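A short worksheet on the structure shown next.
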Amino acid sequence: MPEGLKLGFATFARVRGVLVVFCAENLKFGPETQRTLAPLGNLLRRAAAADRFAGKNGSALDIIAPSGLNVPRLIVVGTGKEGELKSRDIVKLGGVALGKVPAAATEATIFAEFGSGPLKADQIGDLALGVRLRAYRFDRYKTKRKEGEERADKVTVNVACANPAAVDKAWQRPLAIADGVVLARDLVNEPANVLYPGEFARRASGLKRLGVVVEVLDVAAMKKLGMAALLGVGQGSVHEAKLVVMRWPGGKRGADPVAFIGKGVCFDSGGISIKPSQGMEDMKGDMAGAACVVGLMQALAARKARVNAVGAIGLVENMPDGKAQRPGDIVTAMSGQTIEIVNTDAEGRLVLADLLHYVNKRFKPKFMIDLATLTGAIMVALGQEYSGLFSNDDKLADRLIKAGETTGERVWRLPLGPEYDKLIDSKVADMKNTGGRFGGSITAAQLLQRFVDKTPWAHLDIAGTALGSPQTDINKSWSAGWGVRLLDRLVADHYER
Ligand code: BES
Ligand code: MN
Ligand code: ZN
């Protein structure tokens, strides 16, 4: 929950607090907005001219105590040309709208109407989603506020529309998704002294209250299964590794599930191949893949998605220690394949190797999608705008690309192939865990592919998108909660009965 935000509905007639309205290019207002702003006379046109405001998308005009209107402030947000507005643009406008409400305000009303007229129910949902995501902040460890940063403890935001009761149903979906994104953001932002594997597993277990079936496997259980690749990564930590399996049984009884798999390295020091200290604190977020899977399961369960979904996350801490794994060690993964550890900092793929094999064997899923902050190299290739996509299945890859265009969480496909696969062959074992400097993200994906058999599979390398996320209109946090909206969309578009 974005603490402090109370989001509700009202009618157009019930304006309270700061009023936010939208207009298209050339100050084109919808009918309800026009009626409400009529008492202003030509004030609006004069203010717009003075501020050179013309309704460009994302721009805003801010009028304090407008005479004739009983509001402390009127904010006009431009939508630009409306013909071009997609779902993700409307989510963004929700973020812009809330962003323009001053921090000290306790109440605001946002008109769900564009220049062309009232928004449809699902568009109102998108708008609300944007408001919720923009309201998020991670401040639970702040005991003081800086001067001039005074903020109201609670802000009530009402979305005004013609028939609030009719929207109520369409509302549940975006709120479920927002809760999932917020959960993912919280998990990623938490420091590693608080969120170690055991605590992460406890928080994931909280999904039980939504009807998700949650199992937590401890080290003994994983040993029995032969998960030496995953366990080797965690053996230098005082915190016991955990594997969490979450199942949402919303689909047809007995139908094969879709499966999501997350890298959950709660802290990645590099292990014996220790990382340089510069920026190492960011490695508290090396569990963003797992956080996304938990957030997604929360969203699917909260909106009662009609799908059988499995989420599996491998939770470990990668530390240097007398008991830690060494470069040169050889481990036998659950699948029976052996891996030479040449760099203990290439640990995520080891966790995923056992997870992928386990989920594939146990659940026979329709597809597997894994998410991992896997390689620094993906940031060199793609920056922070796109996640890297690798797949053995063109249909699944295309669906992901399309879902990304819809939600704005975009993915870019990179190649796989036998020439790359060769680079991880080892002299002493079946494979080694790094393939050298060139094509680092690709060789990491090749290792994963050796554990997925023929099952349709996609790997999303989210090292660039999930951490230190670009600041946008719908995210002002270090962690965007990347992937929850993308995968929810994928499921909704193709895999619900
Ligand atoms: N968790 C890191 C990747 C990473 C780096 C994520 C920066 C987010 C920001 C991963 O475990 C790692 O250390 N990868 C190495 C692999 C190398 C040793 C082959 C890397 O990318 O340098
Ligand atoms: Mn690492
Ligand atoms: Zn890592």
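Structure values in brief
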item	result
Selection status of Phe22, aromatic (Phe, Trp, Tyr) and either part of a strand (DSSP E or B) or in the same structural domain as Gly481 (by TED's automatic domain parsing) (or both)	yes
Near pairs, Cβ below 8 angstrom, 6+ apart or cross-chain, from the range 271-297 (touching a residue at least 24 places away in the same chain (Cβ under 8 Å) and of a type in the set (Lys, Arg)) to any residue that is within 15 Å of ligand 2 (Cβ to nearest atom) and in a helix (DSSP H, G or I)	Lys275/Met283
Residue list for the range 306-321, restricted to those being buried (at least 24 other Cβ atoms within 10 Å of the Cβ) and under 20 Å from Pro174 (Cβ atoms)	Ala309
Residue match in the range 161-175 (condition: surrounded by 18 or more Cβ atoms within 10 Å (Cβ to Cβ) and at pLDDT 95 or above)	no
Yes/no for Ala346 being assigned to a loop (DSSP other than H, G, I, E, B), away from ligand 2 (no atom under 16 Å from the Cβ), in contact (Cβ under 8 Å) with a residue 12 or more places away in the chain and out of contact with any strand residue (DSSP E or B) (no Cβ under 6 Å at 6 or more places or on another chain)	no
In the range 233-245, the residues that are out of contact with any helix residue (DSSP H, G or I) (no Cβ under 6 Å at 6 or more places or on another chain) and farther than 18 Å from Ile261 by Cβ	Gln235, Gly236, Ser237, Val238
Total residues in the range 128-148, condition among the charged types (D, E, K, R), within 26 Å of Gly94 (Cβ to Cβ) and surrounded by fewer than 24 Cβ atoms within 10 Å (Cβ to Cβ)	5
Single unsatisfied condition, Met368 versus (1) in a helix (DSSP H, G or I); (2) crowded, with 24+ Cβ neighbours inside 10 Å	(1)
Members of the range 439-457 that are more than 16 Å from ligand 1 (Cβ to nearest atom), in a loop (DSSP other than H, G, I, E, B) and of a type outside the set (D, E, K, R)	Phe451, Val452, Thr455, Pro456
Filter pass, Gly435 being at pLDDT 95 or above, crowded, with 17+ Cβ neighbours inside 10 Å and outside any helix (DSSP H, G or I)	yes
Asn360 being out of contact with any His (no Cβ under 7 Å at 6 or more places or on another chain) and within 12 Å of ligand 2 (Cβ to nearest atom)	no
Condition met for Tyr358 (away from ligand 3 (no atom under 16 Å from the Cβ) and buried (at least 24 other Cβ atoms within 10 Å of the Cβ))	yes
Strands (runs of 3 or more DSSP E) (entirely within the range 207-281) containing at least 3 residues that are within 16 Å of ligand 3 (Cβ to nearest atom)	258-268
The one condition in (1) touching a strand residue (DSSP E or B) at 6+ places or on another chain (Cβ under 8 Å); (2) free of Cβ contacts under 8 Å to residues at least 24 places away in the same chain that Arg362 fails to fulfil	(1)
Residues (charged (D, E, K, R), touching a strand residue (DSSP E or B) at 6+ places or on another chain (Cβ under 9 Å) and more than 20 Å from Asn163 (Cβ to Cβ)) located in the range 29-56	Asp51, Lys56
Candidates Ala128, Ala108 - the one that is in the same structural domain as Arg14 (by TED's automatic domain parsing) and more than 17 Å from Lys476 (Cα to Cα)	Ala108
Test: Ala305 is closer than 25 Å to Leu129 by Cα, away from ligand 1 (no atom under 13 Å from the Cβ) and either part of a loop (DSSP other than H, G, I, E, B) or outside the structural domain of Lys323 (by TED's automatic domain parsing) (or both)	yes
Hits in the range 458-479 - residues which are in a loop (DSSP other than H, G, I, E, B), in contact (Cβ under 8 Å) with a residue 60 or more places away in the chain and away from ligand 3 (no atom under 16 Å from the Cβ)	Ser469, Pro470, Asp473, Ile474, Lys476, Ser477, Trp478
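The values are calculated or read from the model by the stated rules, or taken from the named source; none is laboratory data. Keep in mind that what you see is a predicted model, and the values were worked out from it rather than measured. Reconstructed Cβ throughout: ideal geometry from the backbone, glycine too, with neighbour counts over all protein chains shown.
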